[in-house]
Amino acid sequence: MQQLGLSAHLTHKANLKHTRYGWLRLTPAYSVHLVQDLLSETASHDAVVLDPFCGTGTTALACAERGIPVDTTDINPFLLWLTKTKVSTYESDHLNEFRSIARHIARLMEDHSSDDIWIPPIHQIEKWWNGDVLRMLGAIMGFVRQISESYPEKVVDLLKVAFCRTMIAHSSASFNHQSMSFKPQNNLSLFHRAVDDMLITWESAVEDLYISAQSEVRVTPGIFLCDARRLSTVLPHNYYTCVITSPPYPNRMSYIRELRPYMYWLGYLHNGREAGELDWQAIGGTWGIATSNVSRWSPSEPRTIPHPGFLNTLAKISEKSDLLARYVHKYFYDMVEHINDLFVVTRSGGSIHYIVGNSKFYDVIVPVEAIFASMFSDRGFVDVDIRPIRKRTSKKELYEYLICARKP
Ligand SMILES: C[S@@+](CC[C@H](N)C(=O)[O-])C[C@H]1O[C@@H](n2cnc3c(N)ncnc32)[C@H](O)[C@@H]1O
């Protein structure tokens with residue numbers, strides 16, 4: 001296991017190169033190398049793995065490639081769709097059909113001959129894409145929607161991934177920082193230049209998918225829409241021998257905010273209210289209505305967060321911001337519920353592996369790793385161990401940790 005340092009090997013950037021892991025570059029992802037190291041260290045021949053916070057499906061894909069049975073859950077239906085698409089087996093018929101339709105779409109783009117344009121209801125969409133780009137994206141998606149009933153789902157799914165790559169590559173949004181921003185648009189951009197650029201992106205995405213989708217996947221993961229606080233309502237009890245996951249961190253990062261463009265274009269979101277409602281279901285969600293709900297939130301039942309310094313940490317944050325203190329409190333309150341249910345579905349002797357990041361609000365450090373360790377012990381897990389993995393940013397106090405434990 002690699003030690004501390006700003007290591008690209010242990011971030012989602014390590015997933016990018018020409019494999020199924022790199023199909024869409026989304027920040028929730030953690031490093032496949034980290035998952036592979038953990039599988040080599042811990043998964044025995046009779047392992048059954050669970051990832052309760054699926055995200056982009058890194059754990060599910062790593063297990064499926066090795067032939068290890070795995071189930072995964074998430075509350076975001078778009079991420080579950082992406083995971084299903086990444087772990088599917090593609091026959092050569094599917095791939096050839098995908099490439100031939102993709103070429104037809106490329107011709108439509110060149111001739112700008114499509115009359116079936118579909119544009120999603122994104123607020124101020126003109127900030128995201130300039131008019132020429134938007135019209136062409138609308139033409140691709142209009143065509144994909146039109147053929148989706150008459151072609152195999154796997155072919156349509158690959159077209160949608162190629163679309164997502166093109167759509168995000170030609171958007172004016174910058175996701176480099178937590179506070180997403182928009183690049184100034186060049187309104188003088190010539191239509192033909194926009195077509196050429198998009199064609200290059202489309203064709204290279206199609207070729208990349210065509211090649212990487214040929215890699216072998218040896219088992220089909222179970223993929224479930226399920227709230228991680230209620231795992232035991234959907235999953236078998238006393239079943240999983242190994243849990244490898246990365247839950248949301250309490251750092252006010254909103255997956256919905258970042259995933260919005262994909263979710264609108266693929267029909268998983270229709271308005272801002274839905275986006276906020278979905279983020280409110282997410283542990284640590286903080287987008288739109290989720291923020292105003294957090295500002296009024298208080299525990300509905302007594303639930304102890306079993307870390308000796310927790311109340312003190314909350315009090316210090318609340319001196320600066322009542323909202324942020326409630327946010328941190330709710331995050332751990334929800335995690336206690338998740339860990340209760342995690343215990344129910346883990347087999348006796350099974351090991352759990354959580355990758356978490358600590359956080360800082362004003363000058364108050366939240367020792368997320370220590371709080372998780374206390375929550376695991378309190379629920380009855382044993383051999384709880386915290387290992388630092390890497391520095392998360394150039395700020396010296398922010399780290400990522402691996403917390404391991406075992407159900408007795
Ligand atoms: C850090 S990401 C997981 C990243 C993943 N390891 C990967 O490689 O892509 C956390 C995930 O937890 C999901 N999540 C948040 N709240 C949840 C809840 N209540 N139940 C299930 N999943 C939830 C989010 O949708 C997000 O996909």
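A short reminder: the numbers here are calculations on the coordinates, not readings from a lab. Bear in mind that the values here come from a model prediction, so they are computed numbers and not experimental data. Ideal geometry is used to build each Cβ from the backbone, glycine not excepted, and the neighbour counts take in all protein chains shown.
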query = Cα-Cα pairs above 26 Å in the chain: how many percent?
reply = 56 percent
Choice from T85, T233, T56 showing the highest fluctuation, given a GNM over the chain with Cα pairs closer than 10 Å = T233
remark   = When the chain is treated as a Gaussian network with springs between alpha carbons less than 10 Å apart, the largest mean-square fluctuation among P221, P247, P152 is found at P152
inquiry  = Could you compute the longest span of the chain free of GluC sites (Glu not before Pro) located in DSSP loops and having at most 14 other Cβ atoms within 10 Å, not counting the site residues?
reply    = 217-396
task = Specify the angular offset, from 0 to 90 degrees and rounded to the nearest 10, of the alpha carbon long axis of helix 77-86 from the longest principal axis of the alpha carbons in the chain.
result = 70 degrees
inquiry  = With an 8 Å Cα cut-off and a minimum separation of 6 or more residues, compute the relative contact order for the chain in percent.
reply    = 19 percent
ask   = Tally Lys and Arg at +1 and Asp and Glu at -1 over the other residues with C-beta under 9 Å from the C-beta of S351: what net charge comes out?
value = +1
ask   = Taking 0.36 nm per residue of separation and subtracting the Cα-Cα distance, what length does fully extending N238 through I147 add?
value = 28.4 nm
note = Distance in nm between R103 and W297 label points, each 7 Å along Cα→Cβ, equals 5.2 nm
note = Within the chain, the percent of DSSP beta bridges that are antiparallel, given to the nearest 5, stands at 60 percent
key: Nearest 10 degrees, 0 to 90: helix 368-379 Cα axis against the chain principal axis   = 60 degrees
ask   = Restricting attention to the range 225-259, which chymotrypsin sites (Phe, Trp or Tyr not before Pro) occupy a DSSP loop and are surrounded by at most 14 other Cβ atoms within 10 Å?
value = Y239
key: K360-N312 FRET efficiency (beta carbon distance; Förster radius 22 Å; 0.05 resolution)   = 0.90
